[in-house]
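*Asks:* Pasting a structure below so you can have a look.
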Amino acid sequence: MSNKDLVTGVKVNLGTEEIEVRPLTIRQLRRFVKVVGNLNFDNQTELSDDDIDNMIEAVSIALEKAAPELSSDKESIEDSLDIRTFNAILNAAMGVDPNE
């Protein structure tokens, strides 16, 4: 039995494509927490390149099962996401419906 058999996901619109992001498995969560822990949002007006790289890595983990081809292509992630979509994907990956 897989995660997608147990839990419904949240549909997130990536421009011309809609994907269903499901909550992370425990295995994914271990990696995700390490990456998100490296994000520094102390200064809300500036993001460093390291912060953006960590954001892309976090989204990559969240998309592994929903969109494996996109997940493995960091440049495509950067070209596909805006900050709103980034937040929606991370919320969905953590089991929160960003539409509620």
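Read-outs throughout are calculated quantities, based only on the coordinates presented, and are distinct from any laboratory measurement. Predicted model, so just to flag it, every value in this text is computed and none were measured. So basically every Cβ, Gly included, is an ideal-geometry build from the backbone, and we count neighbours across all protein chains shown.
*Asks:* Which whole-number percentage describes the relative contact order of the chain, with Cα contacts under 8 Å and a sequence gap of 6 or more?
*Replies:* Once divided by the residue count of the chain, the mean separation gives 31 percent.
*Asks:* Quick one: if you stick a label point 7 Å off each Cα along the C-beta vector at Asn38 and Lys11, how many nm between them?
*Replies:* Going by the 7 Å Cα→Cβ label model, 3.4 nm.
*Asks:* Once you have the Kirkwood Rh of the chain from its Cα pairs, apply Stokes-Einstein at 25 °C and 0.890 mPa s and quote D in µm²/s.
*Replies:* The diffusion coefficient I find is 178 µm²/s.
*Asks:* If the cut-off is a Cα-Cα distance under 20 Å, which lysines reach Lys11, setting aside same-chain residues fewer than 8 apart in sequence?
*Replies:* The reachable lysines, counting only those whose Cα sits under 20 Å from Lys11, are Lys65.
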